[in-house]
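Worksheet for the structure shown next.
Any read-out appearing in this document is the output of simple, stated calculations on the displayed coordinates, not a laboratory observation. Just so it is clear, the model here is predicted, and its values are computed rather than measured. Heads up, the Cβs are rebuilt from the backbone with ideal geometry, glycines too, and the neighbour counts pull from every protein chain shown.
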Amino acid sequence: MYINIKDISHKYSNEDEDLLVLKDLSFSVEKDKFVSIVGPSGCGKSTLTKLIAGLSIPYKGKILISGTPVNSPRKSIGMAFQNPVLLEWRTAVDNICLPLEIVSPQMTRKQKIERATELLEMVGLKDFSQSRPSQLSGGMKQRVSLCRSLVHRPEILILDEPFGALDAFTREGLWRTLKDLKTSENFTCILITHDLREAIYLSDEVVILTDRPGTVKESVKTNFQINSNSVDELYSKEATKMLAFLRKQIELSHTKL
Ligand code: ADP
């Protein structure tokens with residue numbers, strides 16, 4: 001297994017008490033697969049992404065990537081969040097170049113711009129490379145944010161509800177973009193989402209977490225390969241059945257184990 005999350009527990013401590021957020025949580029992800037994580041609000045999903053990215057260390061258990069324990073932030077991970085947080089004083093292309101300035105200082109400016117432009121082209125925003133964030137729509141900003149998270153060619157992309165604030169049509173457009181990016185850039189993806197259609201459309205497997213302290217309630221292979229790039233297949237009988245199954249599992253996940 002490429003990403004191995006082994007029996008981790010994590011807590012936040014303040015002066016008076018500890019808040020146990022994740023408890024004995026284990027699952028693994030094969031290389032180049034797409035896994036979605038769903039679960040009740042506050043069950044520790046974002047915390048889990050920070051642990052995988054090495055931004056925090058679990059107090060119990062371990063996380064291995066290619067067999068190596070994650071003890072610190074890694075260059076081989078890209079992240080994008082619900083709020084794209086673009087820098088207004090930089091153009092779209094310069095926002096995308098930012099990670100390269102940190103992790104690839106040996107690249108020339110021309111090489112960085114070429115790489116960022118290649119991604120902008122893939123997400124359909126080549127003509128907006130010189131736009132400032134305030135000149136872009138919410139969906140466009142999120143496209144730029146996706147480009148920024150992939151510009152340094154990470155092996156793993158972690159997405160924390162990246163499309164949660166977008167309207168339904170914009171969101172579906174971004175699903176297609178993400179699918180295209182996954183094909184051309186080839187990364188292993190972990191997506192936190194509340195949207196089961198999104199999870200089914202994009203992922204190979206859906207991991208369902210329980211209420212806090214979050215642990216794995218169920219891991220469901222979607223067995224549902226959407227080959228075409230059309231979201232119409234999400235309205236098929238097979239997809240509806242899968243959605244109903246996942247909804248039921250999530251309902252059950254609210255019952256304490
Ligand atoms: P989710 O992403 O599933 O909504 P989070 O991982 O964001 O859950 O948060 C899980 C719990 O941990 C929440 O109760 C939240 O308030 C708490 N929490 C998150 N980050 C911190 C922090 N840095 N310090 C203290 N408590 C935190």
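Counted over all Cα-Cα pairs of the range 86-153, pairs farther apart than 20 Å make up 16 percent. Taking a Cβ cut-off of under 15 Å around S56, the surrounding Lys, Arg, Asp and Glu residues balance to a net charge of +4, with basic ones at +1 and acidic ones at -1.
Under 5 Å from the amide H of R90 lies no amide H of any residue 5 or more positions distant or on a separate chain, with H modelled from the backbone and absent for Pro and chain starts. Here, the chain is characterised by an Rg to Rh ratio of 0.97, where Rg is the alpha-carbon radius of gyration and Rh the Kirkwood radius. Fully extending the segment from S13 to E118, taken as 0.36 nm per residue of separation minus the present Cα-Cα distance, adds 33.4 nm. Pairs exceeding a 32 Å alpha-carbon distance, out of K31/K126; K62/K110; K6/K126; K33/K126: K62/K110; K6/K126.
Each of S36, S46 was scored by other Cβ atoms within 10 Å of its Cβ. Listed from fewest to most, they are S46, S36. Once the Cα atoms of helix 168-185 and of the chain are each reduced to a long axis, what angle between those two axes, in degrees from 0 to 90 to the nearest 10, is obtained? Long axis of 168-185 versus the principal axis of the chain: about 80 degrees. Of N14, N186, N83, which has the largest mean-square fluctuation in a 10 Å C-alpha GNM of the chain? Largest GNM mean-square fluctuation: N14.
For the range 115-257, the equivalent ellipsoid derived from the Cα gyration tensor has semi-axes of 29, 17, 14 Å, listed largest first. A cut-off under 15 angstrom between Cβ atoms defines the neighbours of D7, and their net charge, with Lys, Arg +1 and Asp, Glu -1, is +4.
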